[in-house]
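Colleague: The structure's right below; bear with me while I get my questions together.
The values are calculated or read from the model by the stated rules, or taken from the named source; none is laboratory data. The model shown is predicted, which means the values in this text are computed figures rather than measured ones. Reconstructed Cβ throughout: ideal geometry from the backbone, glycine too, with neighbour counts over all protein chains shown.
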Amino acid sequence: MFACSDCGAKLTRRYHLVQEKWVDDSYVCSNYRKLARECSIHYITTQKMETAILAVIQRVSWYVRHNEKEFIQRVREASTVRQEEAFKGCEQQLSLSKRRHSELDGLVKKLYEANATGKLNDRHFERLMGEYDSEQSALETTMTELQGQIDAWSENKLKTDEFIELVKRYTDFTELTTPMLNEFIEKVIVYEGEGRGNDRRQRVDVFMNFIGAFEVPADSIAPMELEEQRRLTEEKAAHERELKQRAQARCKKRNQERRDFTARMKAGLLTSEELEAHEQHKAKNRAWQKEWRDKRKAAMPEQSQKVSRSVIIKRKKDGLPLTPEELEIYETWRRKRTAQHREWRHGIKAKTTA
């Protein structure tokens, strides 16, 4: 019932009983690490498998109970597409089998004629007749099976009413039982998971009896799905609160330990081992800070060092050449000094006149 998406092999359930508890209850590909055929693990826990199957059954059952007419129409449309594809393959194979069967009839007739005229001896005649007879028997069996499949598809044997009756028998359920699994599920295809931890995602295709892999419209949201979304949101919020409380508790404990250590150090109550460990920690911290500053300085673009205004003025007095930027700084300073001197002279003149 549970199959690997890559090699098609069955998934094997594995579990270990440790102290009366099941540990690592999961499914893996049966071809994983086999010498005959190698495949990836396709690991999925039993709980996640059952949760995925139960969610599909609940979602489809709710949709069938509330949208029975639309469900029948959608299943028939999907069935028509599958039937057309199956018809083409079966009809082609049936036509080839019939043609070969007719060819064998002609070959058998020629064998009888050749044997009767003496062109073919009895030993070769019996050997060839045995081979042709075996091939015709196999073709007749194949043609019977193909014709039966075509007749079944032609009569539209997909029983949506049987699935509807099955849904009506299970009106309210919250757990996946073995009878439900056998009655609802035809097969489950498990794909290899991607990612790790909370980011791990894994595709699981659930094929149901009578209707196959039925997809409920995306705009149809069942009440149990809303409840599941609410539960997941509350669990996520509670988990985040718990992580925050743990971080606050660790920070509070660390700060209290630091305060106690500082108080003991000021009182001279530290042992020689504690003092040595403290000095080593300080040295290690300084080395780390220096390394961090060096890396940050190396990552920053080089900036040209600015020359102070006093150095620029001294260079100008000494007759040394200045860059355009330095010359602009010097001219700005000169204009400012000239304006200050002019204002000072006006003040002196006003006092003398008064």
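A quick yes/no check of all residues on (1) modelled with pLDDT under 85; (2) within 20 Å of His42 (Cβ to Cβ):
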| residue | (1), (2) |
| --- | --- |
| Gln147 | yes, no |
| Lys157 | yes, no |
| Asp172 | yes, no |
| Asn182 | no, no |
| Val190 | no, yes |
| Glu194 | no, yes |
| Arg200 | no, yes |
| Arg203 | no, yes |
| Phe210 | yes, no |
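Colleague: Test of understanding: among Glu257, Glu273, Glu240, Glu234, which residue is exposed (fewer than 10 other Cβ atoms within 10 Å of the Cβ) and at pLDDT 90 or above?
Modeller: Every option except Glu273 fails the conditions.
Colleague: In region 190-208, what count of residues is obtained for those that are among the polar types (S, T, N, Q) and surrounded by fewer than 12 Cβ atoms within 10 Å (Cβ to Cβ)?
Modeller: Qualifying residue count, region 190-208: 1.
Colleague: Test each condition in (1) free of Cβ contacts under 8 Å to residues at least 24 places away in the same chain; (2) surrounded by 11 or more Cβ atoms within 10 Å (Cβ to Cβ) for Ile211 and report the one that comes out false.
Modeller: Condition (1) is where Ile211 drops out.
Colleague: Would you pick out the residues in region 213-238 that are farther than 20 Å from Glu175 by Cα and in a loop (DSSP other than H, G, I, E, B)?
Modeller: Ala213, Phe214, Glu215, Val216, Pro217, Ala218, Asp219, Ser220
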